[in-house]
Amino acid sequence: MKILVLQDDFPPKHLGGAGAIAFSLAKELQRRGHEILVVTTVRDSADAGAMEFEGLRLERIASSYDLRFKAYAGLWNPFALGKLGRILKEYKPDVVHAHNVHTYLSYFALAAAKRSGARVILTCHDVQAFNYTKFTDFIDPTDLSIPKTFNYRVNAWRQLRANRFRYNPLRNTMIRYVLHTYVDRIVAVSDALRQALEANGIGNVRVIHNGIDVPSWHLPQTRIDAFKKKHNLGNSVILFGGRLSGVKGKGKTVLALEQVSKDAPDAQLMIIGKVEECRHMLYQAEELGIGERLVFTDWISGEELRAAYHASAVIVVPTLSFDSFPTMNLEAGACSKPAIATCFGGSRELILDGVTGYIINPFDIPTFAQHITRLLKDPEMSRAFGKAAYDRVSSVFSLERKAEEYERLYTSDHE
């Protein structure tokens, strides 16, 4: 089968988790005998053109604009669409599988794909199909419980107030039109995201969770020991990482660390991310008298990233906004590590609370800290949680299993 993959942000030049997920799925589908071509975008025209990356063929389109106009250019980007149209005409795919196209390729890339005669699948990794930015409207920071249900319906007036001159009153209507008219099937990466999409008028959605290539996360102990020595790590390491915006919960994590430190004096917080995004965490920790407990690795990938997980005792994902299906939870399980993750979004569909990790309300700092402390001070329980996480990820969320689900979706109108 000839499959064209569309993704705004694809390796090797990528920043978000969606690009990494699209990359691993494309590689697995190619391994299974499908012909794959990836169309993605780059900001610099010097990086544009055809290339090969880890065995995958890529066509990279230069596309850059002032993101203040994203509510318009994210719908229809004529320059990118012109390039894409020529690629579609030449490649003649059986299936076009789009991931995130809401910034540079634009939503009307889906219309171009459908007009080429291909079956069109869109995987939604986030809330951009109905919301402009990080989705927090449904969260009450004063409620420290873990609600079973949420009201995911967005309010147009609140979006207008939040985005002001960036607001496009036709944006969401046009997105729904494109998805209804030109997409054969929409995939949500979690049931929580499916609910949020449907609450905002987007139907025809089924759930396929993201998967992970578990064996690729195995690492020799010598590599792990070398990483620990390089960063002067002990045995009570808490791992926090990702694109370190405020809604990732970095401030809450430092507050939790202060409480953890009282009962676990050897606890360290290892932070993976760009140094300039981490400085506030250091300032906050220094004010609390725990600055020496923070370890910064800067942005790492590949073997170093895998070593960071294996060198840790617990992984924390305390996002303060809707987090569709955090990749860090998958990576933790692949490395036999327990994760403590937010109740906002799809984490509870992977993490079994009290079995493979804990689900928390990240605004509840005492409970967050108690769970970290419990796992740091009880290595046997931590290992049991980690093994259960590994078994669950290997059996339910393997990359091979998810590729099989997509293969069925590519060929059936009734999945």
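Figures for the structure shown
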| quantity | calculated |
| --- | --- |
| Whole-percent pair-distance distribution, where bins are 10 Å wide, for the alpha carbons of the range 1-156 | 10, 38, 31, 14, 7, 0 |
| Relative contact order (%) - the range 214-396, alpha-carbon pairs under 8 angstrom, separation at least six | 24 |
| Extension gain from A384 to I146, taking 0.36 nm per residue of separation minus the Cα-Cα distance | 83.3 nm |
| Net charge, S347 excluded, C-beta distance under 12 Å - Lys, Arg +1, Asp, Glu -1 | -3 |
| Span from the the range 147-197 Cα centroid across to the the range 252-330 one, whole angstrom | 31 |
| For T149, T181, T40, order by how many other beta-carbon atoms lie within 10 Å, fewest first | T149, T181, T40 |
| Among (1) 59, 55, 49; (2) 86, 48, 41; (3) 62, 49, 43, the entry derived from the coordinates for Cα extents along the principal axes in Å | (3) |
| Sequence-distant lysines (8 or more away, or on other chains) whose Cα lies within less than 25 Å of K377 | K228, K229, K230, K250, K252, K262, K337, K387 |
| Relative contact order (%) - criterion: Cα under 8 Å, at least six apart; region: the chain | 14 |
| Percent of beta bridges antiparallel (DSSP, the chain, rounded to nearest 5) | 10 |
| FRET efficiency estimate (nearest 0.05) - Cβ-Cβ, F69 to A156, R0 22 angstrom | 0.70 |
| Positive minus negative residues near V205 (Lys, Arg vs Asp, Glu; Cβ under 11 Å) | +1 |
| Cα-centre dipole for the chain with unit charges at Cβ (Lys and Arg positive, Asp and Glu negative), debye to 20 | 960 |
| Convex hull (Cα only) mean projected area of the range 214-396, reported in nm² to one decimal | 9.0 |
| Unit charges at the beta carbon, dipole of the chain: most positive-side option, S145, P215, T181 | T181 |
| The range 41-116 - charge dipole about Cα centre, Lys and Arg +1 at Cβ, Asp and Glu -1, debye rounded to 20 | 360 |
| Dipole-positive endmost among Y104, T319, G345 within the chain (Cβ charges, Cα centre) | Y104 |
| Residues H180, H97, sorted so that the one with the fewest Cβ neighbours within 10 Å comes first | H180, H97 |
| Label point at R31 placed 7 Å out along Cα→Cβ; residues across the range 321-352 whose backbone nitrogen lies under 16 Å | 331, 334-335 |
| Dipole magnitude of the range 77-204 about its Cα centre (Cβ charges: Lys, Arg +1; Asp, Glu -1), debye to nearest 20 | 520 |
| Loop-located chymotrypsin sites (Phe, Trp or Tyr not before Pro) in the range 326-415, at most 14 other Cβ atoms within 10 Å (DSSP) | none |
| Calculated from backbone phi, Karplus (6.51, -1.76, 1.60) coupling profile of the range 161-175 in Hz, x at Gly/Pro | 5, 6, 9, 6, 6, 7, 6, 10, x, 9, 3, 5, 5, 5, 4 |
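None of the figures in this text is laboratory data; all of them are computed from the coordinates on show. Predicted model only: the values in this text are computed from it and were never measured. Because the Cβ atoms are built from the backbone with ideal geometry, glycine has one as well, and the counts that use them run over all protein chains shown.
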